[in-house]
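Accompanying notes for the structure given below.
The values are calculated or read from the model by the stated rules, or taken from the named source; none is laboratory data. Because the structure is a prediction, the values reported are computed rather than measured. Ideal geometry is used to build each Cβ from the backbone, glycine not excepted, and the neighbour counts take in all protein chains shown.
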Amino acid sequence: MNKITLLLILLFIFSCKKSIDIDTEKRKIQSQIDLVTEAHFTKDANKFYKPNAENWYDVRRGNVTLVKKQDMITATQSYLDNMEFQEMVKRDDPIIEISDDGTLASYIGSVTVKGILKEEPVFWVVSWQSVLKNINDEWKIISSANTEADNQTSSIVLLNQIRKNLGHKNENDIPSIYALAECKGPDRSFKTLILSRETDGRMEQIYDENHFVMKHGKDSSWTYNINTKSLNENMDESTKMFIQGHELHWLSFWPEHRYANAQLKDITKFKNQLAFNIEFINAMNKSVNFYYSFDSYVPLGFQININDEGDIVTVSFENWKKINDINVFTKATFEQGKEVFEYNFVDIKINQLDTEEFESKVGLIM
């Protein structure tokens, strides 16, 4: 056989090779994965494993196990029967890669799952990668690696979900918040104005004959008595935390701007409501626990440890409404022992503050 004849044969072979329509194959793969999602809600273990080959490798918790489909059906059906799936939310668009010859593919997905398992509320942040093989023109899973997020990552995912539900769309939605409250305590009524942005917080109060301003920030922190015109530029941590603890609206969106080391602890009760509990640590290494409705993701409030004796202040958020398509509360209650302070917010403005107002030592409360 001469070289020209061999070349013609090779060209004929390659020209006859079936071309791969990548987009079509990706749709086929996604349809297989969609069966798994559907099976969660229809409680059908056979559909759950329909995309799988008869045997596949399962990779999790540092182990690799070869499993058989027939051995998995009973246990999975029991799990599906005992689980009430309330949400299965896709976190990112799936990543699907297909080999050039169309015989192997990889699928990477990520979801959050919320529901009730055997009467216990659960919230899982999950990602996985499946390898699929084209068997008789049908994509089948031949291996799958699964991971569940740790408490820190879960808290980040949950906080993003909370902001989304409150109407937050991007970083520019809420650069600043102005919140004026008429307040009532055990002994007196007073007024409080809070200005907040990512790097700064300003608190102004009028009660009886007193009128003062306290401001913390990246570049400057100070307290100022408007009546006596006395300025103190040496702010201690307890005063700074006092201001931060009153930045209620900012805390409802961005607690991680004021506190550190967020950890999703558990699902518990707050004011008789089922709630996610995310724990933070403040600058004095004391815990600050935030609570969010398990059903709606609405921030319910927080509890802060204020001293070494373990005294707790409980703050509750109430009476929500929309301002500029952003959900905000209009009432907050502080409880410390038997003392109760009510803050009724009469004026809330989003994105209307300038730097000069944060640094102002002139009273903004009239």
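Look at (1) part of a strand (DSSP E or B); (2) under 23 Å from the mean Cα position of the chain (by Cα); (3) modelled with pLDDT of 95 or more; (4) not aliphatic (A, V, I, L, M) and you find that ASP266 fails only one, number (3).
Sort out which residues of the stretch 51-68 are surrounded by fewer than 17 Cβ atoms within 10 Å (Cβ to Cβ) and not in a strand (DSSP E or B), and write them in order of number. Across the stretch 51-68, the qualifying residues are ARG61, GLY62.
Yes/no per residue for (1) surrounded by 14 or more Cβ atoms within 10 Å (Cβ to Cβ); (2) within 15 Å of the chain's Cα centre (by Cα); (3) free of Cβ contacts under 8 Å to residues at least 60 places away in the same chain:
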| residue | (1), (2), (3) |
| --- | --- |
| LEU80 | yes, no, yes |
| MET83 | yes, no, yes |
| GLU87 | no, yes, yes |
| GLY115 | yes, no, yes |
| TRP128 | yes, no, yes |
| VAL131 | yes, no, yes |
| LYS140 | yes, no, no |
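Of the residues screened, ARG163 is one that is part of a helix (DSSP H, G or I) and within 15 Å of LEU251 (Cα to Cα). What do you reckon, is ASN307 farther than 25 Å from VAL157 by Cα and either in contact with a strand residue (DSSP E or B) (Cβ under 8 Å, 6 or more places away or on another chain) or of a type outside the set (Asp, Glu) (or both)? So ASN307 passes the test. Identify all residues within the stretch 279-295 that are out of contact with any Phe, Trp or Tyr (no Cβ under 7 Å at 6 or more places or on another chain), in contact (Cβ under 8 Å) with a residue 12 or more places away in the chain and not hydroxyl-bearing (Ser, Thr, Tyr); write none if there are none. Listed by number, the residues that qualify are GLU279, ALA283, MET284, LYS286, ASP295. Scoring GLY62 on the criteria (1) small (Gly, Ala, Ser); (2) closer than 19 Å to SER110 by Cβ; (3) without any contact (Cβ under 8 Å) to a residue 12 or more places away in the chain leaves a single failure, condition (2). Contact map, the stretch 172-191: residues that are closer than 20 Å to GLU318 by Cβ and not assigned by TED's automatic domain parsing to the domain that holds ASP325 paired with residues that are surrounded by 14 or more Cβ atoms within 10 Å (Cβ to Cβ) and at pLDDT 95 or above, Cβ distance under 9 Å, separation 6+ or inter-chain. No pairs are found. Just name the residue that is modelled with the lowest pLDDT out of those in the stretch 242-263 that are assigned to a helix (DSSP H, G or I) and under 18 Å from CYS183 (Cα atoms). This residue is PHE242.
Counting the residues of the stretch 141-176 that are among the acidic types (Asp, Glu) and either modelled with pLDDT of 95 or more or closer than 19 Å to VAL111 by Cα (or both) gives 2. Picking from residues in the stretch 273-301 that are modelled with pLDDT under 95 and out of contact with any Ser or Thr (no Cβ under 8 Å at 6 or more places or on another chain), the one that is surrounded by the most Cβ atoms within 10 Å (Cβ to Cβ) is ASN282. Filtering the stretch 20-41 to residues that are over 18 Å from LYS69 (Cβ atoms), assigned to a helix (DSSP H, G or I) and not aromatic (Phe, Trp, Tyr) leaves ILE22, ASP23, THR24, GLU25, LYS26, ARG27, LYS28, ILE29, GLN30, SER31, ASP34, THR37.
Residues in the stretch 327-346 that are over 28 Å from the mean Cα position of the chain (by Cα) and assigned to a strand (DSSP E or B) were compared, and the one that is nearest to LYS164 (Cα to Cα) is VAL346. Among the residues of the stretch 307-322, those identified as surrounded by 14 or more Cβ atoms within 10 Å (Cβ to Cβ) and in contact (Cβ under 8 Å) with a residue 24 or more places away in the chain are ILE312, VAL313, VAL315, SER316, PHE317.
Only a single item in (1) in contact with a His (Cβ under 9 Å, 6 or more places away or on another chain); (2) over 18 Å from TRP254 (Cα atoms) is not met by ILE326, and it is number (2). If you go through the stretch 191-241 and keep only what is surrounded by 12 or more Cβ atoms within 10 Å (Cβ to Cβ), in contact with a Ser or Thr (Cβ under 8 Å, 6 or more places away or on another chain) and in a loop (DSSP other than H, G, I, E, B), you end up with ARG197, MET235. For the stretch 323-335, the set of residues classified as under 21 Å from TYR207 (Cα atoms) and either in contact with a Pro (Cβ under 8 Å, 6 or more places away or on another chain) or loosely packed, with under 15 Cβ neighbours inside 10 Å (or both) consists of LYS331 only. Quick check: is even one residue across the stretch 114-127 among the polar types (S, T, N, Q) and assigned to a strand (DSSP E or B)? Within the stretch 114-127, one or more residues are among the polar types (S, T, N, Q) and assigned to a strand (DSSP E or B).
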